[in-house]
Amino acid sequence: MPEQAQVGARTAAKTGTPTPTVRRRPKNRKAQIATVAAEAFSERGYHGVSIDEIATAVGISGPALYRHFPNKYALFHHAVVTLADALGGALAEFDEQSGANSTGLDAAEELERKLLALIRTTIENRRTGGLYRWERRYLTGEDHSEIRSKMRALNRHLARTVARLRPDLTDDDYVLLSSAMLSVIGSITTHRVPLSNRRLQQLLLDACTAVAATDPVPDVDEPAPLPEPGGLSVANKREVLLHEAVLLFDARGYHEVSIEEIGAAAGINASGVYRHFASKADLLAAAFHRAGDRVAMLIGEALADSTTSAQALDVLTEAYVRMSFENSELMSVYFAEVGNLPAHHRSDLRNIQRLNIEEWARLVGELRPELPAVECRFLVHAALNLVLDTGNLVHFLPTPSRQRRVQQLMLSVLLGDTGSQEAVG
C-alpha cells in the first residue's frame, strides 16, 4: 500500500471516520467515450449529438472529455476510423503476399472464411455501423480520403478472392460482386430487426454466396447522351422547392443546408419557402413521403400486373432498380436521413417503410417457404441496400445493362443462387 494511503488508513482508524473512496480514472476511458459517441452518432447523426450528451452518458463532465478529444470532430473522426479499421482487421490474417494465395485454402473456402470474418465484425459493431455508412460525408479533406482508401482496400481484397473463384469474369464484375457482398453485410446496420447471431451469420453468408455465384450480364451499353435543356418548367413552387431540397440534402447532408439556400436554389426568398413548408424538417418529411409513396405504388403495380409471386418479384425488382436510378438523390435521402426527422414525423414514416418491407418480404416468403418471415425481412433490407450501394458504384448511369446487373444481384439475395438466374435469365 502506498505510504500516503497507509497514513490515511491509520488516521481513519484512530478517529473512527471512514476513509474517503479514491475514484480512479478507468484505463479504458478513451475507448468508453469512443464507443458511446459512435453509437450516438450512428443513431442520431453527427449534428444530432452534443459533447455534453456524450460526456453525461459516459458519466464524466464535458471538460473531462476534452482531455481525451479536443473537439467533437476529432471524436467523430476517431469513431469512423476505428470502425473502418475493425473491418480491415477482420481480413488481416488473410493478407496476400506477392499476389499469391498465402492461406492454403481453395477459393471457395477462402471466400467463406473472409465473409464470416466480416460478418462477425459487422454484427459486433451493428449499433455503430450506420456511422460509417451515412455520416462519413462530414469528414473533410484528407480524413475523407483516408476512409475512402481503407474501404477501397477492403473491396479490392475481397475482389481478388472472387477472381480466384470466378476467373471467367471481368475486373468490373469482380468489383461489382465484392461491393454487393459488402453491402449485404452492412445492411444490418440500417435497421434493428432482431435475430440470433448464429442464424444471422448463416443468412448473410448464404446471401453473399449467392451474390458471388451470380453471372452478371455483360455491361455493354453506352450511357445515353444527356438530354438537351428544354421543355416547360414546373410552375408549382412547392414541387420546385422539394426538388431542390432533395438535391441539396443528398449532396451535403440535411444539417448542412439552410432554408435560405433551398429558397435561393428554387428562385424564391426564405419567407416564400415558409408559405409552402413550415420548416426544413417538413421539407425532409415531404421527401420521405414522396419516396415511400413511390415504392408503395411500384409494389401495387407489380402485384396487379402479375399472376405469380415469382413474376411479381421479377417485375418489382426491375421497376425498383429503374426508379432508384432515375431518382437516386431522393432514394439516397430516403435511406440516409431518417434519423434527422422530428419524432412526430419519424414514427409515421418508419411505419410506411415497415409496411413496404412487409410486402416485399411476403413475396420472398411465398417463394422460399423454408425461411421464417423475419429472415425474409433481413433479405429485403439487404437487397434494397444493395441497389443504392451498387448504383453509387456505377454512378447511377441509366443504361439497360447496368440496371439489369443490379437487378440480378437483388434477386440473388432474395431468392438464392439458383432462383435468381432463372428469374432474370
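For the reader, a short list of remarks on this structure follows.
- Condition check for residue 348 on (1) open to solvent by 20 Å² or more (accessible area, probe 1.4 Å); (2) without any contact (Cβ under 8 Å) to a residue 40 or more places away in the chain; (3) within 18 Å of the chain's Cα centre (by Cα): one failure, at (3).
- In segment 70-105, the residues that are surrounded by fewer than 12 Cβ atoms within 10 Å (Cβ to Cβ), at pLDDT below 90 and on the phi < 0 side of the Ramachandran plot: 92, 93, 95, 97, 100
- Taking the conditions (1) modelled with pLDDT of 95 or more; (2) in a helix (DSSP H, G or I); (3) not charged (D, E, K, R) in turn, residue 155 satisfies each one other than (1).
- Subset of segment 289-303 (residues that are more than 22 Å from the chain's Cα centre (by Cα) and either among the β-branched types (Val, Ile, Thr) or crowded, with 19+ Cβ neighbours inside 10 Å (or both)): 298, 299, 302
- Condition broken by residue 196, with the remaining ones in (1) modelled with pLDDT of 95 or more; (2) crowded, with 22+ Cβ neighbours inside 10 Å satisfied: (2)
- Contact annotation: residue pairs with Cβ atoms under 6 Å, 6 or more positions apart or on different chains, pairing a residue in segment 53-72 that is of a type outside the set (Gly, Ala, Ser) with a partner that is open to solvent by 60 Å² or more (accessible area, probe 1.4 Å) and modelled with pLDDT under 95, are 58/32; 68/30.
- Qualifying position, being open to solvent by less than 10 Å² (accessible area, probe 1.4 Å), of a type in the set (S, T, N, Q) and assigned by the TED database to the domain that holds residue 398, among 324, 309: 324
- Residue count for segment 257-281, restricted to those that are in contact (Cβ under 8 Å) with a residue 12 or more places away in the chain and in a helix (DSSP H, G or I): 10.
- Options 362, 368, 405; residue that is farther than 28 Å from residue 245 by Cβ and touching a residue at least 60 places away in the same chain (Cβ under 8 Å): 405
- Only a single criterion out of (1) open to solvent by 10 Å² or more (accessible area, probe 1.4 Å); (2) within 20 Å of residue 413 (Cβ to Cβ); (3) free of Cβ contacts under 8 Å to residues at least 40 places away in the same chain; (4) assigned to a helix (DSSP H, G or I) is not satisfied by residue 144, namely (2).
- Per the conditions (1) in contact with a Phe, Trp or Tyr (Cβ under 8 Å, 6 or more places away or on another chain); (2) open to solvent by 60 Å² or more (accessible area, probe 1.4 Å), the sole criterion not satisfied by residue 338 is (2).
- Selection from segment 248-288 of residues that are within 21 Å of the chain's Cα centre (by Cα) and crowded, with 16+ Cβ neighbours inside 10 Å: 248, 249, 250, 253, 254, 284, 285, 287, 288
- Enumeration of residues in segment 305-324 that are of a type in the set (Ser, Thr, Tyr) and in contact (Cβ under 8 Å) with a residue 60 or more places away in the chain: 317, 320, 324
- Helices (runs of 4 or more DSSP H) (entirely within segment 28-114) containing at least 3 residues that are among the polar types (S, T, N, Q): 29-44
The values are calculated or read from the model by the stated rules, or taken from the named source; none is laboratory data. A quick note: this is a predicted structure, and the numbers were derived from the prediction, not measured. Virtual Cβ from ideal backbone geometry, glycine too; neighbours counted across all protein chains shown. Protein only, heavy atoms only, side chains kept; ligands, DNA and RNA dropped before computing areas. Shrake-Rupley method; radii C 1.70, N 1.55, O 1.52, S 1.80 Å.
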